[in-house]
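Peer 1: Questions regarding the structure given below will be posed in turn.
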Amino acid sequence: WMRLAMLEKTGRLERGMKVLDVGAGFGSQLRYFIERRGIEATALDFDPTVTEHSLIKDCADVRTGDLLSTEFEEDTFDVVTLYQSLEHVYRPKATLEKAYAILKPGGRLVVEVPDYGAIWRRVFGRYWFATMVPVHLHHFTRDSLRRVVEAAGFEPVRHASVFVPYESTASWVARHND
């Protein structure tokens, strides 16, 4: 519900809108969007085990791969989301350029990444959970994310910081257990 509320600050999801979630995991978020707004969902995740056990195979197009290796027609989606996934890709700018190409004119891109410039990273230092080396290949600050989004052709219109209690708790546990 929280991601739906945040996403809809950029514009309401309407019945029949086509939404691509890159890094969709098991699809619980998309299921919520489908049930609440009646969207047409496409889930993309690089892990074949995750897509094999997707919770939305009965009501969405579920694909295995990354955005650069998956074929989509240009001007297909109303919304493309990358929730906690851009930091995992080898080529973030190219990934965003592909998102730009497959969005319909006026479509929306929603990106959520850990903020490497956040106070919590400074508080926890090397124990900050969201660093996740080597799983996170890139660490974005507010400015570096804006620059790569703009370099891919987008014009950022909104930025919001979100407190994620799990990250702080996991960071505290790691620091405490060292």
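The values are calculated or read from the model by the stated rules, or taken from the named source; none is laboratory data. Being a predicted model, the structure only gives us computed values, none of them experimental. Note: ideal-geometry Cβ built from the backbone for every residue, glycine included; neighbour counts use all protein chains shown. With ligands, DNA and RNA removed, areas are computed over all heavy atoms of the protein, side chains included. Shrake-Rupley method; radii C 1.70, N 1.55, O 1.52, S 1.80 Å.
Peer 1: If DNA, RNA and ligands are ignored and the probe is 1.4 Å, what is the ranking of 138, 53 by accessible area, most exposed first?
Peer 2: Details: 138 55, 53 105 Å².
Descending order: 53, 138.
Peer 1: Given the options 47, 143, 66, state which has the largest fluctuation in a GNM of the chain using a 10 Å cut-off (strictly under) for Cα springs.
Peer 2: In this elastic network of the chain, the residue with the biggest mean-square fluctuation among 47, 143, 66 is 143.
Peer 1: Keeping all protein chains in position, work out how much accessible area residue 120 exposes to a 1.4 Å probe, and write it in Å² to the nearest 10.
Peer 2: Accessible surface of residue 120 is approximately 100 Å².
Peer 1: Report, in debye and to the nearest 20, how large the dipole of the range 11-145 comes out about its Cα centre when Lys and Arg carry +1 and Asp and Glu carry -1 on their Cβ. Let's see the in-between values first.
Peer 2: Working: 17 positive and 20 negative charges, 117 e Å.
In debye, rounded to 20, the range 11-145 gives about 560.
Peer 1: Let me ask you something else. Dipole size in debye (nearest 20) for the range 108-147 around its Cα centre, Lys and Arg Cβ +1, Asp and Glu Cβ -1? Please report the intermediate quantities before stating the final value.
Peer 2: On the way: 7 positive and 3 negative charges, 22 e Å.
Here the size comes out at about 100 debye.
Peer 1: A follow-up question, please. Using +1 on the beta carbon of Lys and Arg, -1 on that of Asp and Glu, and nothing else charged, what's the dipole of the range 84-178 about the Cα centre, debye to 20? Kindly include the intermediate steps, with their values, before the conclusion.
Peer 2: Numbers: 13 positive and 9 negative charges, 27 e Å.
Charge dipole, the range 84-178, about its Cα centre: 140 debye, nearest 20.
Peer 1: In whole Hz, with x marking every Gly and Pro, tabulate ³J(HN,Hα) for the range 17-33 from phi via Karplus 6.51 cos²θ - 1.76 cosθ + 1.60, θ = phi - 60°.
Peer 2: For the range 17-33, the Karplus-derived couplings read 5, 9, 10, 10, 10, 8, x, 6, x, 6, x, 4, 5, 5, 4, 4, 5 Hz, x marking Gly and Pro.
Peer 1: Same structure again: Given the range 71-118, report the % of alpha carbon pairs whose separation exceeds 11 Å. Mind dumping the intermediate values first?
Peer 2: Values: 763 of 1128 pairs.
Distances greater than 11 Å cover 68 percent of the Cα pairs.
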